[in-house]
Amino acid sequence: MNAARLYIRMKMTEEVAATQVAWVLLYVQGGIAEAWKDNLLDELAKGESKVESAEQLFAKIRNNFGETSEEEKKIEQLRTIKQGGRTCNEYVQKFKKVARGSGYEGRSLIEEFKRGLNGAIRRKLAEAEELPTTIGEWQERAVRLDRNQRQSRAEERVLGRNMACPGGNAQPREGRSYRGRGGQIMWRTGGEHRGGGGGNTSNRGGAQMGPRRDPNAMDVNRGREGDRTYYVCGKWGHIAKNCWERHRRRVVEMP
């Protein structure tokens with residue numbers, strides 16, 4: 001209203017009162033204000049109400065809607081502020097700025113601060129053996145918990161990437177090669193690991209790893225002992241002497 005009053009004094013002093021009133025009503029828009037304006041125009045048209053100047057219109061607006069004080073604005077902001085995606089430190093600084101001049105203090109201020117915190121931080125604070133007693137202590141402890149949580153999540157992400165990197169101990173993804181122990185090139189296909197070079201290797205899930213077969217290499221065992229050759233584990237891809245299950249020897253008929 002102050003801006004409208006100032007504009008009328010600067011630009012519309014020579015306009016008649018009806019023009020000034022009509023100009024002010026043009027900016028009364030939206031929600032309850034729009035409905036109030038429609039009712040007022042009906043009353044003016046029927047002669048049930050009278051507005052002879054812009055100041056009278058301002059008085060009607062003030063009586064119906066009032067003027068929000070600075071303290072009321074602060075209270076509204078304090079009751080709606082949330083941490084959301086901010087860090088707790090950012091939330092604390094915003095909360096302090098809004099709380100200044102709101103009239104809130106003591107326990108009521110603490111409750112408003114707790115209400116705006118993210119749920120995980122609020123629960124951690126509530127589970128502490130000794131609860132903070134002042135708003136400063138609540139804010140300090142909340143910032144510390146939030147910082148620790150964010151640092152822990154960052155470390156978990158880094159560790160997860162390291163475990164998935166070549167040379168790590170994590171189970172490799174299917175269809176992805178990696179370098180295992182002893183420099184062997186390993187890869188996962190169909191739930192089974194195979195590798196280049198001899199030796200007994202296995203992953204955590206029990207899938208066995210063995211030497212990779214060169215498709216161009218000659219099968220030196222083919223033709224020995226008639227139609228049979230020694231495939232001890234019953235799997236293709238290596239000769240018997242390189243089998244990783246030599247303790248379970250058996251003879252498998254050639255297909």
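For region 1-37, how many residues are surrounded by 12 or more Cβ atoms within 10 Å (Cβ to Cβ), part of a helix (DSSP H, G or I) and charged (D, E, K, R)?
Residues meeting the conditions: 2.
Name the single residue, out of those in region 113-142 being under 20 Å from the mean Cα position of the chain (by Cα) and outside any helix (DSSP H, G or I), that is nearest to Ser102 (Cα to Cα).
Leu117
On the given criteria, is Gln56 within 19 Å of Ala4 (Cα to Cα) and out of contact with any Gly (no Cβ under 8 Å at 6 or more places or on another chain)?
Spelling it out, Gln56 is indeed within 19 Å of Ala4 (Cα to Cα) and out of contact with any Gly (no Cβ under 8 Å at 6 or more places or on another chain).
Confirm whether Leu145 is at pLDDT below 90, assigned to a helix (DSSP H, G or I) and not acidic (Asp, Glu).
In short, no.
Could we say that Phe65 is more than 27 Å from Arg150 (Cα to Cα) and hydrophobic (A, V, I, L, M, F, W, C) here? Give the derivation first.
Working: more than 27 Å from Arg150 (Cα to Cα): yes; hydrophobic (A, V, I, L, M, F, W, C): yes.
Yes.
The values are calculated or read from the model by the stated rules, or taken from the named source; none is laboratory data. None of these values were measured; they are calculated from a predicted model. Heads up, the Cβs are rebuilt from the backbone with ideal geometry, glycines too, and the neighbour counts pull from every protein chain shown.
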